[in-house]
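Structure first, then comments.
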Amino acid sequence: MSERRKPYPFDRFESKWQRLWDERQLFHVPNPGEMGFDPTKPKFYILDMFPYPSGAGLHVGHPEGYTATDIVARYKRMRGFNVLHPMGWDAFGLPAEQYAIKTGQHPAITTRENVAKFKSQLKRIGFSYDWEREVNTTDPRYYKWTQWIFLQIYNSWFNPDTNKAEPISTYRGADPDSVRLAYVDEVPVNWCPELGTVLANEEVIDGRSEIGGHPVVRRPMRQWMLRITAYAERLINELEGLDWPEGIKLLQRNWIGRSEGAEIEFAVTGMADPGNEPDRGYKIRVFTTRPDTLYGATYMVLAPEHSLVDLIVTEEQWPAVREYRERTARKSELERTDLAKEKTGVFTGAFAINPANNEKIPIWIADYVLVGYGTGAIQAVPAHDERDLEFACQFDLPVCVVVRPPGDKDPIGFVGDGTAINSPIIDGLPSREAIRKITSWLEEHRVGKRAINYKLRDWLFSRQRYWGEPFPIVWESGPDGRYRRHRALNENELPVVPPELEDYKPTGTGEPPLGKAKDWIRYSDKAARETNVMPQWAGSCWYYIRFCDPQNDQRFVGEEPERYWMGGENDERMTKPEARNSSSVIRHSSLPRARGGVDLYVGGTEHAVLHLLYARFWHKVLFDLAHLSKPEPFQRLVNQGIILGEDNQKMSKSRGNIVNPDEVIDEYGADAFRCYEMFMGPLEQMKPWSMRGVEGVSRFLARVWRLMMYENQAGEWELSPRIQDIASEKSQLKLVHTTIKKVTEDIESLSFNTAISQMMVFVNGFTNVEGIPVTAMRMLLVLLNPFAPHLTSELWEKLSAKFRIQPAEITQQPWPDYDEALLVEDEVEIVVQINGKMRARLTVATDASEETLKAAALALPKIAEAIAGKAIRKVVIVRNKLVNVATN
């Protein structure tokens, strides 16, 4: 864009202020006990979900949440808070490793370059981050403590009697490894041979890897697991006290999936020819929320991966079973649970005994049953379950109705409550009563028990990658030379740094890339290092804690900084008028009080479950072990909406609709970019990007600039002589205080778009005014500063130089109060009519008497002229609305 076409000369001062903010470290907040810390101020911890620094850099959708938090952070500083507003990098992960495989460049170099790009973009937008607290998950000084936290989990168990984690030394059982919160198990995983690693379910789309689109298969592998299921009840129950969107809470509850019912044992009897095959003593456990339908179980289904399949399948059925399992391994869980797909399965040749009626029922395997949910086995009741019914119809299996629905509903496929039928023990009982009775019967006969089940599975915590945190674990060999027993490293051996490798390619055998570093693996003559690494989730589970004390080399976080930033000591202080500028505003605030944890956490809904659930889990373990002061990490959560491309599609490289913020800033400036991000609409809503919209907002900022500045003949900008040290008129005072009230309340409620609209109204009110009170412009600049910090800092500098305003730095100005008295309407415009027809308008005091109103109306020239020579029959007055003069 040419110089003369710029809406205002933002390019002359934006980089200047960014440099000054860095040099002065204006946004660094010291910790308790450090020089410059003010203990009289309340605290406010505001956090963005930190980004993965990809090579592509930011697009305009990324900074939306960052802009919102920056506005709140700047506002809170002006309100007198100690504000913690940090930024860092979630930098481990598969993309950097794949780039290393293609180019041979070490992932650390790629990550360093990407971080530098992201950081320069964020600084160019003018975010007020405390860069002294920057963290990077790939920094050994950081992941030393990620490994330390893993050791806390590894060396703990969940005591059901105390309902919390305790040191493993308190466990009195014979096998501590069986209860550790971190343990090893062989479990079915999403294995991508091409990438050479396990993938999370979220990284698999239609049976292929999200990165590269490579085929993914299910296969059993030895993995590290975290026993998050031990915390299922607390993770649900302790959502209640959080100020989170109800939709996000519901997603977490559904993901955890708590359900009450019964666990039932089915004995496996003889195989296809029971007369020739003895009972082998195998038991199949199933969980069901409807034990009252037990009599309707006409067959059983095991997940193809179920451990019993190998033990019970007959020789005749083995080829079909093997082939089916191979086909199933190539499907994602989403494909397997698709309700619309045709049901498939294979008979194992084995039977089970229904404990209610002693009838033999066939045992099948089918891919619609998952080994990771429930027990990996179901009692199939086709009369009262849609999927079971489809399966039964597909393979001509019996259907037995055991619940009579109310009214004349069809019992086949009925899944609601009704009356038990064809069930001798509970015949005639309503469903809820039938459930209680049959469960008691199962317990009395020791073939079942009451149970609570969770859909939540333990966290699969291993990845077969290079670019991740190594486990602080070694495996010790036994007499046969095989590594069988794991043990933790000592804390003084941390961090465990991955070795340098020249070849990052997958091994092709399932062994992780670290397996190539033979010298590194060899810990001692009889011990070898773990070669799996942690998933990318690990570093992001606790970064918000490290921000509180990022330079601490002795602890993952100091006790005092953690108590201050994550605690709730400021509750009482934050409600006292002396800690605020305007009690009338704060009383209606929707921003949270410091009840413990991060006060405001802003990020995308894509992290609604996993990141938030994993972070809560780690936090609770650390709280139980007395390392943290509060049981929850994030007190208030807000999700920003997605910004779409100008074509109303989600921004992506493949669609070619990505807008680079650098290009927008080049043309319109950082402040216009910031303000448009907030002016597009409510923060939580999805909305399309529009360059014409950016242009419109830039015109508003140009009007602010020209309201206070003019360009002299030499082409230099000077403060306008219209800005004068004069008193504001009454109407101007009302506009100023209306704007203070509106902008304050809108920031508190995160309604940034309407706050900008009100400031536009303010500017309109002072445009074309000859003498503009400097006090009014000071108010405007302070109110606008969180939104447009560069423009307002430059204009404030000009004002302070001429009018000797102190302090000279706008960021040090207190947030203004508004005067309620100035907002009261003391004048009103009323209509004056003659015989019901409007003839004039009149401005009068709101408390004017009827005599005054009558006299003022009759004295108006238009009215006096119109009624001259006529007799006034009656004058009707409707207070604050109209005066009607009735004539003959």
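Close amide H pairs (under 5 Å, H built 1.01 Å from N) link VAL301 with TRP364, ILE378, ALA380, residues at least 5 positions away or on another chain.
May I ask you to list the trypsin sites (Lys or Arg not before Pro) in region 622-700 that are in a DSSP loop and have at most 13 other Cβ atoms within 10 Å of their Cβ?
Details: sites: ARG636, LYS650, LYS653, ARG655, ARG674, ARG692, ARG699; in loops: LYS653, ARG655.
Sites meeting the loop and neighbour criteria: LYS653, ARG655.
The listed residues TYR282, TYR295 rank as TYR282, TYR295 when sorted by accessible area, largest first, using a 1.4 Å probe. Across region 7-148, Cα-Cα distances exceeding 23 Å account for 45% of all pairs. Given the choices [x] 34.9, 126; [y] 39.7, 125; [z] 37.5, 137, Rg and Dmax of the Cα atoms in Å derived from the coordinates of this structure is entry [x]. For LYS741, the lysines whose Cα falls under 21 Å of its own Cα, not counting residues fewer than eight places away in the same chain, are LYS76, LYS576, LYS730. For region 311-403, the fraction of 1.4 Å probe accessible surface lying on carbon and sulfur atoms is 52 percent. Remark: relative contact order (the chain) = 14 percent; criterion is Cα-Cα distance under 8 angstrom and separation of 6 or more residues. Local charge for ALA380 was computed over the other residues whose Cβ lies under 10 Å away, with Lys and Arg +1 and Asp and Glu -1, and equals -1. Using the alpha carbons alone, the radius of gyration of region 690-764 stands to its Kirkwood radius in an Rg to Rh ratio of 1.05. Here is the list for region 26-66: chymotrypsin sites (Phe, Trp or Tyr not before Pro) lying in DSSP coil, each with at most 15 other C-beta atoms within 10 angstrom of its C-beta, are PHE37.
Centroid-to-centroid, using Cα positions, region 327-367 and region 174-239 are 23 Å apart. Surface composition of region 3-128: carbon plus sulfur atoms hold 51% of the accessible area, using a 1.4 angstrom probe and ignoring ligands, DNA and RNA.
Only Cα sites of region 704-857 enter the Debye sum here, all with the same form factor; the resulting log10 I(q)/I(0) across q = 0.10, 0.15, 0.17, 0.19 1/Å is -0.47, -0.85, -1.00, -1.17, listed in q order. For the pair GLU559 and ARG404 in one chain, pulling the backbone fully straight at 0.36 nm per residue adds 49.7 nm over the alpha carbon distance.
How many percent of the accessible area of region 448-566 is carbon or sulfur, using a 1.4 Å probe? Present the calculation step by step, with values, prior to reporting the outcome.
Working: 2330 of 5360 Å².
On region 448-566, the fraction of accessible area on carbon and sulfur atoms equals 44 percent.
With contacts taken as Cα pairs under 8 Å at a separation of at least 6 residues, region 828-869 carries a relative contact order of 32 percent.
In the assembled protein chains, ARG432 presents an accessible area of approximately 120 Å² (probe radius 1.4 Å).
For LYS526, the lysines whose Cα comes closer than 30 Å to its Cα, not counting residues fewer than 8 places off in the same chain, are LYS144, LYS505, LYS516, LYS518.
Distance between the pseudo-spin-label points of LYS455 and GLU23 (7 Å out from Cα toward the beta carbon): 5.7 nm.
Would you tally the net charge around VAL763, using a Cβ to Cβ cut-off of less than 13 Å, leaving VAL763 out, and scoring K and R as +1, D and E as -1? Intermediate values should be presented prior to the final figure.
Details: positive: ARG699, ARG703, ARG706; negative: none.
Local charge sum for VAL763: +3.
Shape class for region 69-171, computed from the alpha carbon gyration tensor (a ≥ b ≥ c): oblate, with a/c not under 1.5 and a/b at or below b/c. DSSP beta bridges fully contained in the chain are about 75 percent antiparallel. Please check which bits of region 55-84 a label hung off LEU644 would reach, taking the label as a point 7 Å along Cα-to-C-beta and the cut-off as backbone N under 17 Å. Label zone hits: 60-62. Remark on region 304-433: Rg and Dmax equal 16.3, 48 Å (Cα only). Annotation note: GluC sites (Glu not before Pro) in region 819-858 located in DSSP loop regions with a Cβ neighbour count of at most 12 within 10 Å are GLU825. Solvent-accessible surface of the chain, taken per residue with a 1.4 Å probe and all protein chains present: 43 Å².
The values are calculated or read from the model by the stated rules, or taken from the named source; none is laboratory data. All of these numbers come straight from a predicted model, not from anything done at the bench. With ideal geometry, Cβ positions are generated from the backbone for all residues, glycine too; neighbour counts draw on all protein chains shown. Surface areas here come from the heavy atoms of the whole protein model, side chains and all, with no ligands, DNA or RNA. Shrake-Rupley method; radii C 1.70, N 1.55, O 1.52, S 1.80 Å.
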